1. So with the 1.4 Å probe, I'd like the accessible area per residue for the range 39-153, rounded to whole Å².
2. Quick one: which of Lys144/Lys223; Lys144/Lys235; Lys223/Lys272; Lys235/Lys272 span more than 20 angstrom between C-alpha atoms?
3. Given an 8 Å cut-off on Cα distances and at least 6 residues of separation, report the relative contact order of the chain as a percent.
4. Which whole-number percentage describes the relative contact order of the range 87-161, with Cα contacts under 8 Å and a sequence gap of 6 or more?
5. With Cβ to Cβ distances under 10 Å as the rule, what net charge do the other residues near Gly315 carry (K, R +1; D, E -1)?
6. Tell me, what is the 1.4 Å probe accessible area of Thr371, in Å² to the nearest 10?
7. With a 1.4 Å probe and every protein chain left in place, tell me how much accessible area Ser153 has, in Å² to the nearest 10.
8. What aspartates and glutamates sit close enough to Lys232 to cross-link, taking a C-alpha to C-alpha distance under 18 Å and skipping anything fewer than 8 places away on the same chain?
Amino acid sequence: MSVPPTPPLTSKELFEKACDVIPGGVSSPVRAFRHVGTSPVYFNRAEGPYLYDVAGKQYIDFCMAFGPHLLGHSPHNVVRVIQEQAGRGLAFGACHPKEVILANLILKSYPFLQKVRLVTSGTEAVMTAIRLARGFSGRDKILKFEGCYHGHSDGLLAKAGSGVAELSEADSKGVPKSVVSDTVIARYDDLNSVRAAFQANPNSIAALIVEPIPANYGLWIPKYEHIKEVVKIAKENGALVIFDEVITGFRVGLAGATGFFDLRPDLVTLGKVIGGGLPLAAIVGRGDIMDGLAPLGSVYQAGTMAGNTMAAAVGIEVIEELFRRRPTLLRWDEQCEAFAQELETRLSRHTTVQVPRLGSIFWIHFGPPSTSFPPEVTEEGKHQYGEFFRRALETGVYLAPSPYEVGFISFAHTPEVLKQAIERLETCVVPATK
Ligand code: PMP
């Protein structure tokens with residue numbers, strides 16, 4: 001007698017099992033869905049603009065793995081490159097031609113910079129950029145902005161106390177006070193706080209690090225004059241400028257936010273899009289600074305997987321694809337913005353909501369417009385987002401599982417898919433209670 005097949009586990013059952021063996025059941029905290037008041041969906045497969053959960057249900061995906069899949073999920077050309085490279089070797093732990101090709105391709109987008117080091121995550125890229133800046137300048141302090149995220153290395157998990165005069169405060173247990181005491185916090189939307197930070201720490205700030213277009217605490221698009229002044233203040237004070245373009249690199253146009261604003265940072269960190277879903281990130285920088293890295297200089301950085309063949313092969317394919325699409329990119333950005341505009345119009349029929357946007361990045365913010373950064377997300381707004389997110393799941397749309405996270409559009413999101421998403425999302429709005 002044959003045994004009937006066991007039905008596949010549901011997302012709920014999988015999560016319960018996960019919680020037994022993985023802290024909080026997840027490999028990265030936002031995936032636990034705590035900000036949206038439900039438990040995680042388990043996915044089995046992804047293709048184009050869609051995710052498919054373990055029960056086979058299809059979702060239009062606007063989280064897109066938090067940014068890497070600009071070409072959509074598993075595009076054919078990228079899958080082919082992965083298959084070809086897998087047949088030739090996964091990682092050599094040694095030099096290979098693809099890292100040279102990839103470095104040159106990256107530099108095509110940042111022509112005023114000279115060198116690239118490949119690493120495996122945005123966190124690692126930022127850690128290395130900071131170490132380089134410290135090594136180059138002989139200074140220890142770093143200036144970062146409240147509300148900007150730069151990965152989970154110790155010194156950058158710091159938020160502002162009230163005003164720059166106060167000691168920085170760690171956002172995570174386990175980060176020694178001594179480490180964050182070298183992190184100075186200012187407000188990106190307040191030039192006086194930037195000036196005050198430099199005044200309070202004369203000749204001791206190695207670098208100012210900034211997400212030029214912050215996209216980790218909602219989305220804020222600073223004015224050109226504003227960011228230009230921020231860069232000027234840093235340079236006047238002898239600090240290097242690090243643009244953290246882990247999100248914006250190759251997404252906000254081919255030259256990222258750097259090209260968008262036509263500015264000249266000393267170092268740029270990249271990740272997400274350049275890896276197309278594989279672990280790849282990079283530090284791009286001025287030759288004189290980058291040559292401080294071992295083995296030429298004495299700033300140490302290394303990695304068993306750094307620049308590994310699979311990730312480099314994908315990186316090349318992704319960037320070449322973007323260059324092939326160059327003539328259409330501006331038009332595409334406009335189409336994405338039109339989607340976000342339409343989404344805002346339709347959701348606004350039911351409640352007060354903003355959808356700030358730039359190209360293929362958008363943010364759904366329930367509540368009145370916020371002109372400051374970081375923006376205020378009210379308790380009511382959080383509640384509305386949670387309910388909206390859960391209803392969106394029901395209708396087959398997967399949004400970022402947090403009211404602070406932005407959404408991403410890919411080339412695979414056709415006008416029809418976007419239209420369908422708007423129809424569905426309009427049905428998910430809950431009016432504010434007050
Ligand atoms: N910098 C920025 C601007 C990011 O958005 C992120 C990730 N969201 C990081 C750094 C860290 O990158 P990773 O998660 O690859 O370590």
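The values are calculated or read from the model by the stated rules, or taken from the named source; none is laboratory data. All figures in this text were calculated on a predicted structure; none of them were measured in a lab. No Cβ is skipped: glycine too gets one built from the backbone with ideal geometry, and neighbour counts run over all protein chains shown. Surface areas here come from the heavy atoms of the whole protein model, side chains and all, with no ligands, DNA or RNA. Shrake-Rupley method; radii C 1.70, N 1.55, O 1.52, S 1.80 Å.
1. 44 Å²
2. Violating the 20 Å limit, Cα to Cα: Lys223/Lys272; Lys235/Lys272.
3. Worked out over the chain, it gives 21 percent.
4. Relative contact order comes out at 21 percent.
5. -2
6. The value for Thr371 is about 130 Å².
7. Per-residue accessible area (Ser153): approximately 20 Å².
8. Asp189, Asp190, Glu211, Asp244, Asp262, Asp266
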